[in-house]
1. What pairs come up if the first residue lies in segment 349-372 and is closer than 10 Å to GLY198 by Cβ, the second is in a helix (DSSP H, G or I) and of a type in the set (A, V, I, L, M, F, W, C), and their beta carbons are under 6 Å apart, counting only those six or more places apart or on different chains?
2. When you go through ALA66, ALA62, ALA19 one by one, which is the residue that is on the phi < 0 side of the Ramachandran plot, at pLDDT 90 or above and either in contact with a His (Cβ under 7 Å, 6 or more places away or on another chain) or outside any strand (DSSP E or B) (or both)?
3. Mind checking whether some residue in segment 273-284 is within 16 Å of the ligand (Cβ to nearest atom) and basic (Lys, Arg)?
4. Among the residues of segment 273-297, how many are assigned to a loop (DSSP other than H, G, I, E, B) and more than 28 Å from GLY164 (Cα to Cα)?
5. Go through (1) more than 14 Å from the chain's Cα centre (by Cα); (2) more than 29 Å from ARG263 (Cβ to Cβ); (3) modelled with pLDDT under 95 and name the single condition THR205 misses.
6. For segment 202-214, state whether one or more residues are at positive phi and crowded, with 24+ Cβ neighbours inside 10 Å.
7. Kindly evaluate THR218 against the criterion of being of a type in the set (Val, Ile, Thr) and more than 17 Å from PRO318 (Cβ to Cβ).
8. Among the residues of segment 187-201, count how many are of a type in the set (Gly, Ala, Ser), crowded, with 24+ Cβ neighbours inside 10 Å and under 14 Å from VAL321 (Cβ atoms).
Amino acid sequence: MRTASPSRVGDARWRGALAVLEEMRREPGVTRAVVAQRLGLSSGSATEITARLRELALLSEAPAAASGRGRPTTVLGPHPEGPLVIAVDLRQEDWRCAVAALDGRPEIVEAGVHAGRGPEQVIGPIAQAVRRVHTRHGRRVRAVGVAVAATVQHGRVVQAATLGWDAVDLGALASDARLPLLIGNDATLAGVAEAREGAAAGAATALHVMIEVGVGGTLVVDGRPVSGATGAGGEFGHLPLGEPGLRCPCGATGCWDLAVDGRAIARHLGEPPPDDPRTYALAAIARTSADAATAAAVGRTAGSFGGGLAGLINALDPDVVTLGGLAQPLRAAATPEFEAALTGGLMRFRRADPPRVVAAVLGQDGALHGAALTALDHVLTEAGMNAWTAALRP
Ligand SMILES: [Zn+2]
């Protein structure tokens with residue numbers, strides 16, 4: 001049997017093999033016959049490719065349940081000894097560490113609440129968790145993907161307003177620098193996950209918008225985030241769609257961030273800025289039916305969100321918009337205000353056929369899924385596969 005060697009990664013046959021792996025990633029449990037049909041492969045080629053992928057410990061095959069008169073086929077899944085990635089979700093208050101195989105389904109193995117606010121207090125325990133997971137799975141672990149509630153530029157955290165950090169080095173999360181480290185903004189990674197396996201699956205151009213403290217998101221085209229020259233794009237919250245002159249912690253004025261979250265609701269109610277804008281917003285949303293002043297403040301905030309979202313739609317022209325974090329509860333709590341501002345802000349030609357605006361489905365796990373997907377993308381690059389085939393040799 002011909003076997004793949006590192007020198008052949010990158011050739012046309014290897015690209016066929018990657019396409020089969022992508023089908024398995026998109027739909028674990030898909031049959032070989034269905035993959036062959038989708039990719040226009042003969043049954044013989046499909047059989048040859050899957051055999052090669054099994055040999056490289058990238059794919060497993062199990063007999064599929066017989067169906068009708070078709071030839072027997074197999075069900076494709078990740079290989080039980082195949083590559084793994086570690087996915088980390090570093091949030092404002094806590095963190096989670098997961099492991100994912102090539103099918104990209106993160107399984108959470110460790111979690112914790114930050115012991116303090118300083119970068120060392122936050123990063124140290126997570127780095128220890130990554131090292132433990134790496135030790136447990138050894139060379140099967142190929143990369144670490146990190147979702148962080150921060151602005152990420154050139155793969156590094158440059159500013160994290162909600163954590164109170166400026167530039168911070170997350171290099172310790174690479175398990176003693178031995179693993180490739182892929183760091184991404186949490187909202188961007190959640191958007192990638194929604195576009196590839198969530199509410200926008202199948203859409204070529206998907207816009208994800210997420211409110212937590214402030215608002216962020218990403219445009220995802222063909223499964224990849226559009227993040228600009230340095231990776232710091234998608235900071236929708238710092239478009240000047242808020243109140244002119246109001247100073248944002250980012251350093252700019254008039255930012256949309258300050259008009260759509262718990263800080264906005266508090267301001268409209270004449271209350272001081274809340275310590276935890278997310279919790280404050282959730283509490284306000286919960287009491288809108290009982291309190292008219294709160295309902296008005298939430299309605300005004302939902303209107304600011306809808307109007308800004310219309311601007312993003314005008315500018316970016318997505319097929320579908322997914323709403324993450326507090327965006328969907330805010331819309332649901334003040335639907336008339338949200339819809340009026342959204343429709344009013346859309347250019348006239350769009351109003352007859354606006355993009356669908358739907359709730360994200362991965363919820364709090366979106367960023368973690370996105371971190372796993374991004375790390376797996378790295379594993380499946382030519383360099384990543386060369387490293388894997390080298391690691392397979394005794
Ligand atoms: Zn700002």
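1. That search, which allows pairs on different chains as well, returns LEU362/ALA193; GLY366/ALA190; GLY366/ALA193; HIS369/ALA193; GLY370/LEU189; GLY370/ALA190; GLY370/VAL192; GLY370/ALA193.
2. Answer to the selection: ALA19.
3. Within segment 273-284 (the criterion being within 16 Å of the ligand (Cβ to nearest atom) and basic (Lys, Arg)), the answer is no, since none of the residues qualifies.
4. Residues meeting the conditions: 5.
5. All conditions pass for THR205, except number (3).
6. Yes, segment 202-214 has at least one match.
7. It is false that THR218 is of a type in the set (Val, Ile, Thr) and more than 17 Å from PRO318 (Cβ to Cβ).
8. Count: 6.
The values are calculated or read from the model by the stated rules, or taken from the named source; none is laboratory data. From a predicted model like this one, the values you see are computed outputs, not experimental measurements. Heads up, the Cβs are rebuilt from the backbone with ideal geometry, glycines too, and the neighbour counts pull from every protein chain shown.
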